[in-house]
Every structure is written in C-alpha cells, then in structure tokens.
Amino acid sequence: MYVATIPNRGSPPAILLRESYREGAKVKNRTLANLSHWPETKVDALRRVLKGEPAPAELEGAFEIARSLPHGHVAAVLGTLRDLGLEELVDEEPSRTRRLAIALVVASVIGPCSKLAMARGLRHETAASSLGAVLGVSGCDEDDLYQAMDYLVARQEAIEDGLARRHLHGGTLVLYDVSSAAFEGQTCPIAAIGHPRDGVHGRKQIVYGVLTNTSGVPVAVEVFKGNTGDPKTVAAQVKKLKERFALERVCLVGDRGMLTSARLREDLVPAELDWITALRAPQIKKLLETGAIQPSLFDERDMFEVTHPDYPAERLVACKNPFLAVERATTREQLLSATEAALARIADAVRRDRRPLRGKDTIALRVGREINRYKVAKHFVVEIADDAISFRRTQERISAEAALDGIYVVRTSLTESVISSTDTVECYKALEGVERVFRGLNTTLLVRPIRHRLEDRVRAHVFLRMLAYYVIWHMQERLAPMLFKDQHLAQARADRASPVAPARRSGVALRKIATKRTEDGMPVHSFESLLEDLATICTNRIEPTDRTLSAFTMVTSPTPVQRRAFELLGVSHRCGCA
C-alpha cells in the first residue's frame, strides 16, 4: 500500500490510499480509499507507517481488520480451472447454478467433505474460505448444492464429450479400469455387496469405471451397481467410445481381468475396436507347456514375440521382469511359511495334554479357516484324523507356479506396422495412469464414504470427484518443479534399456527427494502441503473507524514460494478479487 497525491487541475489534489500488485509481468494499482478530507498531519503519519515506521498516536485505531478468510488455495484452484476452460465446458451460459457447480468442484479439491459441510463453508457467516464470496454464492444452502449436483449429472454427457474432443482423437489409445467405493446406508438401488476393489469388506458398494488418455487425464466416468464384475462394464465403454465420442479408430487398453477373451469376442470385435491387454496365468502356463514360450530365450532378452493357433490375428509379446520374479517368489515363501506356522499351531493343539483338540470335523474346521487365510491352500496336502494332523508342501505345484514368476504376455490386435512390440508393452504398462486416478479419488478426493440415497446423486458425486481430479492432474503437472513429482519421468522411461525394466526416477527427482529442495533452492512440497501453504494468503476485510471512508479488502502479499507456485500455474493470487 502507498499514499498517492493526484493533481486535480484548479481544485486541491486528491489523496488516495492505493495498493500495488503484480499479475504476471504486469504491475497494477487499485484505489482502496479516498483520504482527501484527512488533515495533512494524519496523511503524513500514514505515509510513515506504510514505510515501516512506528505508528504515531493519531493513527492508533484508524483501521481494523474485521475478517480474514483463507484465499490463496481458492485462487490457485479456481484460476487453474478457469484457465483450463472448465467453466465453459460445464455450460457456455453463465448462471448461478453454474457458479454453484464450479464451487462444488473447487471445494472438492481444497477440502472434500459432505455437501452440508460444503454449504456451511460457502455461506458468508460461516465461511471457511473466500470461495463463496469469490463466486458470489455465499448465500447458498445444501439444497442449492444438491440442485447443482442434479444440474451437473444432467450435463455429464456433454462435458465428457468436450473432454474427449480435447484429449482423445481418431486413432488414439484409451485406458480403462474399474474400482469400487464403499457405500453408507442401505436404500440406494445401485449399492450392493460385491468384490471390494478398494479393500473395504463387508459393506455395500458401487463400482465405477474411468476412461483416460495415455497420460492419465480422466475423460469419462461411469457408475455401475456394486455387484457388477469388471468384464461386464466393457460394453458400456465400447458404446461410449464409438457412438458418443465418434472416434475413427480406437484401441482400448485394459488389464487381463477386464478384457477377457469373451469380452474381446463379444464386445470389441463386433464394434471394430482394437485392444491391448494381457493373458491370464492359465493361458501363459499353456503356452509354456506347448513350447510356444521357451524360458531359455529370456536368458538373452527380456521380451520377444510369439505366435499360437489359439490366438489367430493377434500378436503376443512375452516379457519377463526379473525384479517381479524375485518379489513374487519372496511373497509366496512368506505366505507359505505363515500358513505352515498356523497349521503347526493346530498340530500343537491336537498333541497337547490338557484339553487337546479332538474330532476330525473340529480339526478340519480350524484347518480350513487358517489354510485359506493366505490363499495358498493349493500348495499343501493336509491329512486329518480324529486325534492327529499332518501336512506337507506340494513342491510340484509350487515349482509349476514358480516357473511363471515374472512372466507376463501382452496381447494386441494391432499389427506391427501400427505399433511395435516395445510400444505395445509401454502402452499396457501405461494402465498405471488409471491406477493413479483411483488413488487420487480414494485418498486425496475421498470419493468414499458415499452417503447419498438417490441413484443420480451417487452418479453426480462420482462425476464431481472426477472433475476435481481433472483439475488436480493439470495443477500437479504445472507445479511439478515444486513437488516431489518427477517432471522428467517421460525422459527417464525413454532412457530405459527395455520397457520391461522397472521405471526409475530421473536424477532431478532423486535430488529433490534427497535434499528436500527444488533446483532453485525452495522447499519441496507434496500437493496437499503446498495447498495448505497457499491457503495462508488471505483476503482481509479492513474497516476504517472513520465512517466517511468505505471498507475495503486487501489480499496478503505472497511469499517467494507462493509467488513461484502462482507463476508455474499461470494464474494470479488475486483471482476472483475485485
């Protein structure tokens, strides 16, 4: 802030309290108050205070901060969202409902919570940040937010079509995977007991599938009933890609549990879609038994193409990752040892002198409970009598499984003229990008727990979280030099001798991890901690005790770290402030 004296022709000069701030490369000024009626001694005193001198008596109590609201994180997220054109993608026509929908997306990034808590944080009297005031929705309540959710889900197809036009093109690769989210309550028609992909057992859930491009940018999400198997979700995605997105040529990339032979035959082939997926363990075992895959070839190289009559018009790329082989062997041995220890405890209970375990059925019940805990029952032979138990490993089965350690086979319908073996494996491994989406939804954005009761509200909830992750993805890409994220990961992957080899961090990323400092000497942040830092930039409502002056709002000046973050994002820390 500074005091400016503005000449006024024949009249006395205007004395203005002004604020100077920077937006990008431009320096801008904003008038906060007209002090022309102040006595000269008071104006001079204010000038001295603004230069850092002690406040004189005549200025004591002249201004007071009526309220401060966290703003920097709002400016960062909202500014990025607007820079991405997401407002126009939601709806080309501005409206209060669109502003409420945008508020839901921004609030989901800066502090995901229930809609009731979001409404409380947006309202003027209980505001948790400047978001409500910036978007002009500080008078909203939870019913307004529910209406905004209904508005969003009604526009979901149009928004996804817009994202597809941006990030998917004819002849493109599309990644697809499925996860689940635990559900609170019993009344929603699409909540059901199913396979818990998120690890939450014994509760109803919903299943949702996400389509992304090869970089992991989410393009579309669809919610299914909680007991829907992964392969059964594929048909809906095929229809979406061909009919709604109108892509000329599409290659769908999915894991071996998703794109099964039946799904390829019944859904993808009729729709003339190409695919990249992988064979399951029994199919790989058959290739080894028939000699189609010679394990000795892995001594010379870690990947090679094979053919087999069971897979006509397909290319099979056999790969072996020695690091994965060691990991699987170690894990199997740990599970076998843990199961042996459990069975040994049962044998001790049978042999003990006091109250020994007796009865073939009773012993079998205990054995069944323990031997299935670690999913290695097939590797043991257990003999049970009324007063005895013996067990041993089936070494032949263990050896047969060990022969598959580290081996996987990628299959594709694309010809070699379209994609090489190396790129085929890279594309399959790119499914890790979809896994990052699920990690973001389940941890950063808290897609669960889901407490909505109406089917469309559940769909709107998941779609809202996907849009929030879309913003986060782009923010993390721009902020990568300040985050632990590896901004040179693509180059690190390109420098690998083979796509089968494990991905390694770049030298820049390793230095950031070791020193906890960026290349320009600033502290390295996680995305969450950087948002918390940005939140310390506040909008301060200042009210002069002189009632002839109007109240005004000032924004906290950013620190060097905060200024660097806004420079990388390409937005202003004053975003949304007049």
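The values are calculated or read from the model by the stated rules, or taken from the named source; none is laboratory data. All figures in this text were calculated on a predicted structure; none of them were measured in a lab. Because the Cβ atoms are built from the backbone with ideal geometry, glycine has one as well, and the counts that use them run over all protein chains shown. The area values use the complete protein model at the heavy-atom level, side chains included, leaving out ligands, DNA and RNA. Shrake-Rupley method; radii C 1.70, N 1.55, O 1.52, S 1.80 Å.
Considering only residues of segment 275-302 that are open to solvent by less than 30 Å² (accessible area, probe 1.4 Å) and at pLDDT 90 or above, which is farthest from LEU211 (Cα to Cα)?
Across segment 275-302, the extreme among qualifying residues is LEU287.
Kindly provide the set of residues from segment 447-456 that are out of contact with any helix residue (DSSP H, G or I) (no Cβ under 6 Å at 6 or more places or on another chain) and surrounded by fewer than 20 Cβ atoms within 10 Å (Cβ to Cβ), ordered by number.
Hits for segment 447-456 are PRO449, ARG451, ARG453, LEU454, GLU455.
Tell me which residues, restricted to segment 321-349, are of a type in the set (Val, Ile, Thr) and either surrounded by fewer than 16 Cβ atoms within 10 Å (Cβ to Cβ) or more than 20 Å from LEU365 (Cα to Cα) (or both).
Residues of segment 321-349 that are of a type in the set (Val, Ile, Thr), as a first pass: 326, 330-331, 339, 346.
Of everything in segment 321-349, those that are of a type in the set (Val, Ile, Thr) and either surrounded by fewer than 16 Cβ atoms within 10 Å (Cβ to Cβ) or more than 20 Å from LEU365 (Cα to Cα) (or both) turn out to be VAL326, THR330, THR331.
Which of the residues that make up segment 1-19 are of a type outside the set (A, V, I, L, M), open to solvent by 60 Å² or more (accessible area, probe 1.4 Å) and either touching a residue at least 40 places away in the same chain (Cβ under 8 Å) or part of a strand (DSSP E or B) (or both)?
Within segment 1-19, TYR2, THR5, PRO7, ASN8, SER11, PRO12, PRO13, ARG18 qualify.
In segment 160-167, is there at least one residue being at pLDDT 90 or above, in contact with a Leu (Cβ under 6 Å, 6 or more places away or on another chain), among the hydrophobic types (A, V, I, L, M, F, W, C) and not in a strand (DSSP E or B)? First the steps, then the outcome.
The initial filter retains those residues of segment 160-167 that are at pLDDT 90 or above, namely 160-167.
This time we only want the ones that are in contact with a Leu (Cβ under 6 Å, 6 or more places away or on another chain), so: 162.
Among the residues that remain, those that are also among the hydrophobic types (A, V, I, L, M, F, W, C) are: none.
No: segment 160-167 contains no residue that is at pLDDT 90 or above, in contact with a Leu (Cβ under 6 Å, 6 or more places away or on another chain), among the hydrophobic types (A, V, I, L, M, F, W, C) and not in a strand (DSSP E or B).
Yes or no, residue by residue, for (1) in a helix (DSSP H, G or I); (2) basic (Lys, Arg); (3) farther than 28 Å from ARG517 by Cα:
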{"position": "HIS452", "(1), (2), (3)": "no, no, yes"}
{"position": "ASP456", "(1), (2), (3)": "yes, no, yes"}
{"position": "ARG465", "(1), (2), (3)": "yes, yes, yes"}
{"position": "VAL471", "(1), (2), (3)": "yes, no, no"}
{"position": "HIS474", "(1), (2), (3)": "yes, no, no"}
{"position": "ARG478", "(1), (2), (3)": "yes, yes, no"}
{"position": "PRO481", "(1), (2), (3)": "yes, no, no"}
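Can you tell me which residue within segment 192-216, out of those that are β-branched (Val, Ile, Thr) and open to solvent by 30 Å² or more (accessible area, probe 1.4 Å), is nearest to ILE450 (Cα to Cα)?
Going through the qualifying residues, I end up with VAL200.
Right, LEU116: closer than 25 Å to GLN476 by Cβ and either hydrophobic (A, V, I, L, M, F, W, C) or buried (at least 17 other Cβ atoms within 10 Å of the Cβ) (or both) or not? Step through it out loud before you land on a result.
Numbers: closer than 25 Å to GLN476 by Cβ: no; either hydrophobic (A, V, I, L, M, F, W, C) or buried (at least 17 other Cβ atoms within 10 Å of the Cβ) (or both): yes.
No; evaluated as a whole, the condition is false for this residue.
Can you confirm whether GLU528 is modelled with pLDDT under 95 and within 30 Å of ALA62 (Cα to Cα)?
No.
Could you count how many residues in segment 311-361 are out of contact with any Gly (no Cβ under 6 Å at 6 or more places or on another chain), touching a residue at least 60 places away in the same chain (Cβ under 8 Å) and not in a helix (DSSP H, G or I)?
8
Is it the case that GLN147 is within 23 Å of VAL105 (Cβ to Cβ) and open to solvent by 60 Å² or more (accessible area, probe 1.4 Å)?
Yes, satisfied.
Could you check segment 524-539 and list, in sequence order, the residues that are open to solvent by 60 Å² or more (accessible area, probe 1.4 Å) and not in a helix (DSSP H, G or I)?
THR536
State the number of residues belonging to segment 128-159 that are among the acidic types (Asp, Glu), under 25 Å from the mean Cα position of the chain (by Cα) and not in a helix (DSSP H, G or I).
0
Write out, first by first residue and then by second, each pair whose Cβ atoms fall under 7 Å of each other, whose residues are 6+ apart or on separate chains, and whose first residue, in segment 538-558, is of a type in the set (A, V, I, L, M, F, W, C) while the second is assigned to a loop (DSSP other than H, G, I, E, B).
CYS538/HIS71; CYS538/THR556; ILE542/ALA551; VAL555/HIS71; VAL555/ILE537; VAL555/HIS573; VAL555/ARG574; VAL555/CYS577
Cβ-Cβ distance below 7 Å, separation of 6 or more or different chains: which pairs start in segment 410-433 with a residue that is closer than 12 Å to GLU314 by Cα and end on one that is among the aromatic types (Phe, Trp, Tyr) and outside any helix (DSSP H, G or I)?
Note: pairs meeting the criteria are ARG411/TYR311; THR412/TRP275; SER413/TRP275.
Could you say which residue among ARG352, ARG366, ARG393 is charged (D, E, K, R), surrounded by 18 or more Cβ atoms within 10 Å (Cβ to Cβ) and farther than 27 Å from MET258 by Cβ?
ARG366
Restricting to segment 378-389, count the residues that are surrounded by 12 or more Cβ atoms within 10 Å (Cβ to Cβ), outside any loop (DSSP other than H, G, I, E, B) and either over 49 Å from the mean Cα position of the chain (by Cα) or without any contact (Cβ under 8 Å) to a residue 24 or more places away in the chain (or both).
Adding up the residues that qualify gives 2.
Residues checked against (1) modelled with pLDDT of 90 or more; (2) surrounded by fewer than 17 Cβ atoms within 10 Å (Cβ to Cβ):
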| site | (1), (2) |
| --- | --- |
| LEU445 | no, no |
| VAL458 | yes, no |
| MET466 | yes, no |
| TYR469 | yes, no |
| ILE472 | yes, no |
| LEU479 | yes, no |
| GLN487 | no, no |
| GLN491 | no, yes |
| ARG496 | no, yes |
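How many residues are part of a helix (DSSP H, G or I), more than 15 Å from ALA468 (Cβ to Cβ) and touching a residue at least 24 places away in the same chain (Cβ under 8 Å) if we restrict to segment 113-127?
2
Please enumerate the residues belonging to segment 451-470 that are of a type outside the set (A, V, I, L, M, F, W, C) and under 20 Å from the mean Cα position of the chain (by Cα). Before you say what the answer is, go through the steps one by one.
The initial filter retains those residues of segment 451-470 that are of a type outside the set (A, V, I, L, M, F, W, C), namely 451-453, 455-457, 459, 461, 465, 469-470.
Within segment 451-470, ARG459, HIS461, ARG465, TYR469, TYR470 qualify.
For ARG563, only one of the following conditions fails: (1) in a helix (DSSP H, G or I); (2) closer than 30 Å to LEU16 by Cα; (3) open to solvent by 40 Å² or more (accessible area, probe 1.4 Å); (4) in contact (Cβ under 8 Å) with a residue 12 or more places away in the chain. What is its number?
It is condition (4) that ARG563 fails.
Report, by residue number, each residue of segment 78-97 that is under 24 Å from TYR146 (Cβ atoms) and among the basic types (Lys, Arg).
ARG96
For segment 410-440, enumerate the residues that are more than 30 Å from LEU467 (Cβ to Cβ), open to solvent by 20 Å² or more (accessible area, probe 1.4 Å) and outside any helix (DSSP H, G or I).
Within segment 410-440, SER413, THR415, GLU416, SER417, VAL418, SER420 qualify.
State whether one or more residues within segment 507-523 are within 24 Å of VAL109 (Cβ to Cβ), open to solvent by 10 Å² or more (accessible area, probe 1.4 Å), assigned to a helix (DSSP H, G or I) and out of contact with any Phe, Trp or Tyr (no Cβ under 8 Å at 6 or more places or on another chain).
Taking every residue of segment 507-523 in turn, none turns out to be within 24 Å of VAL109 (Cβ to Cβ), open to solvent by 10 Å² or more (accessible area, probe 1.4 Å), assigned to a helix (DSSP H, G or I) and out of contact with any Phe, Trp or Tyr (no Cβ under 8 Å at 6 or more places or on another chain).
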